[in-house]
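Quick notes on the structure that follows.
The values are calculated or read from the model by the stated rules, or taken from the named source; none is laboratory data. No experiment lies behind these values; they were computed from the predicted model shown. Quick reminder, even Gly has a Cβ in these numbers, built from the backbone with ideal geometry, and neighbours come from all protein chains shown. Calculation scope for accessible area: heavy atoms of the full protein, side chains included, ligands and nucleic acids excluded. Shrake-Rupley method; radii C 1.70, N 1.55, O 1.52, S 1.80 Å.
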Amino acid sequence: MALVEVIAVSKEYQSGEEIIRPLDGVNLTIGEGEFVSLMGASGSGKSTLLNLVAGIDQVTSGRIEIAGTDITQLSRGKLADWRAAHVGYIFQTHNLIPVLTAYENVELPLMLLPMSAAERRNRVGIALAAVDLTNRADHYPRQMSGGQEQRVGIARAIVANPTIVVADEPTGSLDDNTTEQILTLLQRVNRELGMTLLMVTHDTDAASRATRQLRLERSELYENGTRLAPRALRTA
Amino acid sequence: MFRRLLPWDYGVRNLFRRPSRSALTLGGLSIVVLLVLVVVGFIRGLEASLAATGNANVMLVYAISSGSDIENSAVPGRTPALLSASVAGVRQRHGVKYVSPELYLGTRMSIADGQQEGLGLVRGVTTTAPLVRQQVQIVEGNWPGPGEVLVGRLTHSKLGFEREALAVGQSLEFDGRKWTVSGVFAAGGAAYESEVWCPLADLQTTLKRQDLSLVAVAMETLDAAADVDLFCRERIDLELKAVSEVGYYADLQKHYKPVRMLGWVVVCLVAGSGVFAGLNTMYGAVVGRIRELATLQAIGYRRRAILLTLIQEATLLSCGGALVACALGLLFINGTAIRFTMGAFMLRVDSVGIAIACTTAIVLGVVGALPPAAKAMRLPVVEAIKAI
Ligand SMILES: Nc1ncnc2c1ncn2[C@@H]1O[C@H](COP(=O)(O)OP(=O)(O)OP(=O)(O)O)[C@@H](O)[C@H]1O
Ligand SMILES: [Mg+2]
């Protein structure tokens, strides 16, 4: 079943006289429970595509349907509400809120959802346990290592049980050991919690952990060497 | 709208991120609010001293020729008797008519054998004076006997003396004579509080005058008060004029209108400068947090929630400043005496002053937070999220 449908999406930037078009009629279908990695040269438009799917950037043309909602049609406020309910975002640098503890950082997305305090406590507990940081709940980001911070970031991204989790180079600023830890964790999130993941990476090893590997080249998307066509065309 | 706001703690803890900057801003805002409090206290004190003085049922009768300046007025000594006989409706109790003959003038007063002197206001009165001027209350000592004076609780300020210099038992010199302070009176902030009261007969003897400056009469009703005016108009030969006490002081208030206007202008200017203190801090707080604020938006917080948390931070600071300022104001400023040409009055830190100060603080917080917040949110989330 298609959870994410990216249909003929283009993104243009005006830079002086020149028009940069990192995405040009890109199509992508992601099914529920898939772990999709996205590679490509620097500046090829990976982050752009990821941010469009995450609903924090606007397409120039095309549609993005996620769990039946065309998010390109939502107003800015509605889009924020939609993100709260449907997207978990893992940043390259964790982007934790420094004045909040690990627990409070993880709780942050739940504050946006209709949920009792007891339910929130329960969910935060589960998310922290999933990233094995139960004993660090009361620590502030500055009291944790980079790897631990990133794990809190992952807990924060999965705590609201989002429709899709996006990760932009989640291991980009970690050492090899920690990278290994994080990748294993992401795999577990995908396999054990059944979450759908879209991960941008530069690292072939990291990409190989995913169930599908995509490449962005010359503004177009390829899987196993073939350009992805709209779903309708493929099934035909 | 449920739970769409950032946790309260987030705003509070952000204030402790740069404790010294927050403390400095708190100090700056406290000073601003304190200044507002002082100026409002000044205006309020001035207004109160004139307003508390007036009573609509009390008529002041004085000479037409004096214009509106009672100090220059001279009315014949028989006027009080004439008034009580001719006008119905004069208040009376136990057979005493509430008619107060008074001799009122400005004069040079000195203490300690002329080592310290000041320009004071003296009022020669009889025992009916406190009946007519009902706000007057003796707070210390006794009503003056011959050669004695009763001083108001602000008289020392008006003269520029220490409070102790006019304590009961001290002496005061004016019009070539030494007087002993027999008591101190208060008058609920009224202008009399900076006067010196002495027995009318004594003052007349000292000045070699038989006449009066004015006669104050308390009437039973407002209609009766109007009759006093009528009497003065009818008896042209007496050349008298009647003004209600309220009217008299309302007239004086008009003279101070420019001062009050100036006061409000100062309040606005001071508050305006306070905005910059708030702005400066909030710019600092926001600039270093562009990425964090974008992260919150990426998580799903609306821009409104972020705006509110920034306003919360700024208003917490400015309200803290207001709290400090009001505490200082009540402790050190409230009741400070101010000398003024027509007397002295006290700075008043009252509910109105505090309300104005707190409103100023809240406005400072909100206005100080808006431009930096707007700056933070102008940047698209995708760009802000990469900011350092
Ligand atoms: N706000 C912008 N204005 C103009 N051009 C932009 C803007 N944002 C991105 N671009 C351009 O779009 C292209 C794609 O950027 P994007 O960040 O998606 O690349 P990327 O594949 O994520 O690169 P990297 O691997 O270095 O992160 C780049 O050429 C970039 O210069
Ligand atoms: Mg990128």
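With the dipole of chain A worked out from charges on the C-beta (+1 for Lys and Arg, -1 for Asp and Glu) around the Cα centre, which of A:LEU49, A:VAL99, A:LEU112 lies farthest toward the positive end?
Towards the positive end, the residue furthest out is A:LEU112.
Give me the residues in the stretch B:274-304 whose solvent-accessible area, probe 1.4 Å, is reduced by at least 40 Å² once all protein chains are included instead of the chain isolated.
B:ARG291, B:THR295, B:ALA298, B:ILE299, B:GLY300, B:TYR301, B:ARG302, B:ARG303
Can you compute the charge dipole magnitude of chain A about its Cα centre, using +1 on each Lys and Arg Cβ and -1 on each Asp and Glu Cβ, nothing else charged? Give it in debye, rounded to the nearest 20.
I would put it at about 460 debye.
Output the 0 to 90 degree angle, nearest 10, between the alpha-carbon long axis of helix A:176-191 and the longest principal axis computed from the alpha carbons of chain A.
80 degrees
Give, rounded to the nearest 20 debye, the magnitude of the charge dipole that the protein assembly as shown has about its Cα centre when Lys and Arg contribute +1 at Cβ and Asp and Glu contribute -1 at Cβ.
720 debye
For each pair in B:LYS97/B:LYS254; B:LYS208/B:LYS254; B:LYS178/B:LYS254; B:LYS97/B:LYS241; A:LYS46/B:LYS375, compute the distance between the two Cα atoms and list the pairs where it is over 25 Å.
B:LYS97/B:LYS254; B:LYS208/B:LYS254; B:LYS178/B:LYS254; A:LYS46/B:LYS375
Give me the three principal axis extents of chain B from the C-alpha atoms, as integers in angstrom, largest value leading.
Cα extents, longest axis first: 92, 49, 35 Å.
Which trypsin sites (Lys or Arg not before Pro) from the stretch B:352-388 combine a DSSP loop assignment with at most 16 other Cβ atoms within 10 Å?
When the trypsin sites (Lys or Arg not before Pro) of the stretch B:352-388 are filtered for loop state and at most 16 Cβ neighbours within 10 Å, B:LYS386 remain.
Below 15 angstrom from the Cβ of A:THR93, what's the summed charge of the other residues (Lys, Arg +1; Asp, Glu -1)?
For residues surrounding A:THR93, the net value is +1.
Can you give the local net charge around B:ALA112? Use residues other than it whose beta-carbon is closer than 15 angstrom to its beta-carbon, Lys and Arg +1, Asp and Glu -1.
Cβ neighbours under 15 Å give a net charge of -2.
Once you charge only the Cβ atoms, +1 for Lys and Arg and -1 for Asp and Glu, what is the size of the charge dipole of the stretch B:58-221 about its Cα centre, to the nearest 20 debye?
The dipole of the stretch B:58-221 has a size of about 480 debye.
The stretch A:59-92 to the stretch B:343-379: how many Å between their Cα centroids?
After rounding, the separation between the Cα centres reads 40 Å.
Kindly report the accessible area of the protein assembly as shown per residue (heavy atoms of protein chains, probe 1.4 Å, no ligands, DNA or RNA), in Å².
Result: 44 Å² per residue.
So what is the orientation-averaged projected area of the stretch A:43-153, using the convex hull of its C-alpha atoms, in nm²?
Average projection, Cα convex hull of the stretch A:43-153: 8.5 nm².
For chain B, what are the DSSP H helices with axial Cα length of 20 Å or more and mean Kyte-Doolittle hydropathy of at least 0.5?
Span-like helices, by this rule, are B:19-51, B:257-287, B:303-328, B:351-378.
Based on alpha-carbon atoms only, what is the radius of gyration of chain A relative to the globular estimate 2.2 N^0.38 Å?
So the Cα radius of gyration is 1.01 times the expected 2.2 N^0.38 Å.
Counting other Cβ atoms within 10 Å, keep those with at most 10, restrict to DSSP loop, and tell me which chymotrypsin sites (Phe, Trp or Tyr not before Pro) in the stretch B:7-56 are left.
Answer in residue order: B:PHE16.
Carbon and sulfur together cover what percent of the accessible area of the protein assembly as shown at a 1.4 Å probe radius?
Ligands and nucleic acids excluded, carbon and sulfur reach 55 percent.
Loop by DSSP (not H, G, I, E, B), at most 13 other beta-carbon atoms within 10 Å: where is the longest site-free stretch of chain A for GluC sites (Glu not before Pro)?
A:18-191
Quick one: net charge around A:SER173, please, counting Lys, Arg +1 and Asp, Glu -1 for every other residue with C-beta under 15 Å from its C-beta.
-4
In the protein assembly as shown, what is the volume of the convex hull around the alpha carbon atoms, normalised per residue and reported in Å³?
In the protein assembly as shown, the Cα convex hull volume per residue is 238 Å³.
Could you give the angle, 0 to 90 degrees to the nearest 10, between helix A:76-86's Cα long axis and the longest principal axis of the Cα atoms of chain A?
In chain A, helix A:76-86 runs at an angle near 60 degrees to the longest axis.
Considering Cα pairs under 8 angstrom that are at least six residues apart, work out the relative contact order of the stretch A:2-227 and quote it in whole percent.
29 percent
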